[in-house]
Each structure stands twice: as C-alpha cells, then as structure tokens.
Amino acid sequence: MPTLREEVARRKAQESTLRRNPEIDAKLDKFIGENPKLREYYEGLSKDELIRKLMLGKMQRAEYSNGRNEEIRAWVEEHPEIKTKVEERIRNVPAANRERAFINAAKQEAMSQAVRAGNGVRP
C-alpha cells in the first residue's frame, strides 16, 4: 500500500500531464491534416514564440472578459434595484468567491431584464 506522500506525488504527476479527449484529438488531427501550411508555420516558430502567441491569446481573452465585467458592474451601479437583488443573492457567498458570484448574478439579472424588455441587449 502506497504511503500518503507517494499517493500525493502520483496524483500531482497525473494532473500535470495533458488530458486528452479522443474526439477532440480526432478533430484536431483532421484540422491539422487539412491545413499543412498552418502546421508548417507553427513548426517554424521557436518555443518562446509559441509561448508568446499562446499567452497573447489568453491575455486578449482576459482583457475582453475584464471589460465585459466592468460593463456589467457599471450597469448594476446604474440600477439600484438590480444591485439590491444581486447583493441579496450573494449574501451567503464566502468573501473569496464574492466577486465572481457578483458578476455571475449580475449577468443573469441582465439577461432576465433583456428578456423581459424584449430587446436584444447583450449583458
């Protein structure tokens, strides 16, 4: 029977390996096969260039997400009745999770307001 330390080390090793989904792998293999020039382009990049390209995409998604969250916060601040509803919904959420819970609750409230109003406003 493995010791606790060995078991923890085994689990960390499992978590650090890339999880693979056979369906996604097949789809990716097909895409790679259909785009040989794109593959050639990426194979020509250095590891540093690949990392920077990956990180650029993640940075841009984070910036977009943060911008949308700021829009949601501003919308909630403009509507005190919504702010009250949202704060009531998250009153029991631990402080560490409160910010994310606030944004999620505000998005849900914005969606329900848009549906009620019948307009296509994106929250």
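The values are calculated or read from the model by the stated rules, or taken from the named source; none is laboratory data. Keep in mind that this is a model prediction, so the values were computed, not measured. With ideal geometry, Cβ positions are generated from the backbone for all residues, glycine too; neighbour counts draw on all protein chains shown. Keep in mind that these areas ignore ligands, DNA and RNA; they rest on the heavy atoms of the full protein, side chains included. Shrake-Rupley method; radii C 1.70, N 1.55, O 1.52, S 1.80 Å.
Here the condition is being of a type outside the set (Ser, Thr, Tyr) and in contact with a Lys or Arg (Cβ under 6 Å, 6 or more places away or on another chain); of VAL115, VAL76, VAL86, it holds for VAL76 alone. Quickly run through the range 85-100 and pick out the residues that are open to solvent by less than 40 Å² (accessible area, probe 1.4 Å) and in contact (Cβ under 8 Å) with a residue 12 or more places away in the chain. The answer is VAL86, ILE90. Residues of the range 27-66 that are in a helix (DSSP H, G or I), of a type in the set (S, T, N, Q) and surrounded by fewer than 11 Cβ atoms within 10 Å (Cβ to Cβ): GLN60, ASN66.
Look at the range 71-84: where a residue is of a type outside the set (S, T, N, Q) and a partner is loosely packed, with under 15 Cβ neighbours inside 10 Å, sitting 6+ places away or on another chain with Cβ atoms under 9 Å, you get LYS83/GLU77.
Being out of contact with any His (no Cβ under 8 Å at 6 or more places or on another chain), polar (S, T, N, Q), open to solvent by less than 80 Å² (accessible area, probe 1.4 Å) and modelled with pLDDT of 90 or more: is that true of ASN104 here? So ASN104 fits the description; yes. For the range 51-69, does any single residue satisfy the condition of being more than 19 Å from the chain's Cα centre (by Cα) and of a type in the set (Ser, Thr, Tyr)? Checked the range 51-69: no residue is more than 19 Å from the chain's Cα centre (by Cα) and of a type in the set (Ser, Thr, Tyr).
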